[in-house]
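The structure appears below as structure tokens.
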Amino acid sequence: MVGVGKLNTKLSEFLFDQVAMTHRFVVQIDLEEYDLGTWTKVAGLQVTWSKHKYRPGDNNDELIFPGNVEYPTIKLSRAASSKSANVQEWLKRTSRSHTVLSGGIHMLDYLGVPVITWELKQFFPVGWSISDFDSTSGRPAIETLELAHTGFLDDEKRS
């Protein structure tokens with residue numbers, strides 16, 4: 001028979017380590033006056049390594065090594081809202097001056113509790129768009145913000 005303490009532990013693990021279908025993403029940048037708000041979709045949050053091959057001498061064995069790291073642009077999407085004005089103000093401020101920014105993308109669960117954070121070392125906007133306005137479709141206008149970045153892995157540090 002399972003003890004009450006073990007049952008409560010299992011129940012809390014079940015309740016608090018769930019993956020919900022309603023994740024939200026908060027983008028935080030180190031310019032505190034700009035709150036970019038909550039986003040409903042994030043695309044391009046990935047990393048790839050080029051593969052370097054080496055075949056020593058007349059040996060048939062091929063050695064492979066990890067090469068350069070590549071990060072594609074990140075696309076954030078959401079329904080246009082009052083936070084869209086903050087994004088426009090941020091874009092206006094950063095469009096003509098290169099300011100090195102850092103910050104993070106925080107995934108929140110259905111309760112608003114952070115699940116995981118991807119710390120972006122340097123990023124800047126490379127695109128913004130809004131969907132066509134069509135009041136007959138009954139769908140909100142979707143804004144998309146694209147960010148170029150130098151990575152989210154903290155792999156330069158030597159342990």
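The values are calculated or read from the model by the stated rules, or taken from the named source; none is laboratory data. Computed from a predicted model, the values in this text were never measured in an experiment. In this analysis, Cβ positions are derived from the backbone assuming ideal geometry, glycine residues included, and neighbour counts consider all displayed protein chains. The accessibility values were calculated without ligands, DNA or RNA, using every heavy atom of the protein model including side chains. Shrake-Rupley method; radii C 1.70, N 1.55, O 1.52, S 1.80 Å.
Could you check residue 140 against (1) over 16 Å from residue 46 (Cβ atoms); (2) modelled with pLDDT under 85 and say which number it fails?
Going through (1) over 16 Å from residue 46 (Cβ atoms); (2) modelled with pLDDT under 85 one by one, residue 140 breaks only (2).
Could you give every pair whose Cβ atoms fall below 7 Å, whose first residue belongs to region 47-73 and is in contact (Cβ under 8 Å) with a residue 60 or more places away in the chain, and whose second residue is assigned to a strand (DSSP E or B) and among the small types (Gly, Ala, Ser), counting only separations of at least 6 or pairs across chains?
Within 7 Å, the pairs are 73/148.
How many residues are on the phi < 0 side of the Ramachandran plot, outside any strand (DSSP E or B) and under 28 Å from the mean Cα position of the chain (by Cα) when one looks only at region 20-66? Steps first, answer last, please.
Filtering region 20-66 for residues on the phi < 0 side of the Ramachandran plot gives 20-36, 38-43, 45-56, 58-66.
Pick out the ones that are also outside any strand (DSSP E or B) and you get 20-23, 30-36, 40, 45-47, 55-56, 58-62.
With the extra rule that they be under 28 Å from the mean Cα position of the chain (by Cα), the set shrinks to 20-23, 30-36, 40, 45-47.
The total comes to 15.
Residues of region 104-131 being modelled with pLDDT of 90 or more and either hydroxyl-bearing (Ser, Thr, Tyr) or in a loop (DSSP other than H, G, I, E, B) (or both), which ones?
Selection gives 117, 129, 131.
Can you find, within region 50-67, the residue that is least open to solvent (accessible area, probe 1.4 Å) among those that are among the polar types (S, T, N, Q) and modelled with pLDDT under 90?
Of all residues in region 50-67, those among the polar types (S, T, N, Q) come to 50, 59-60.
This time we only want the ones that are modelled with pLDDT under 90, so: 59-60.
Details: 59: 65, 60: 128 Å².
Applying the filter and picking the extreme gives 59.
Can you find a residue that is at pLDDT 90 or above, exposed (fewer than 15 other Cβ atoms within 10 Å of the Cβ) and in contact with a Lys or Arg (Cβ under 6 Å, 6 or more places away or on another chain) anywhere in region 76-91?
No, region 76-91 contains no residue that is at pLDDT 90 or above, exposed (fewer than 15 other Cβ atoms within 10 Å of the Cβ) and in contact with a Lys or Arg (Cβ under 6 Å, 6 or more places away or on another chain).
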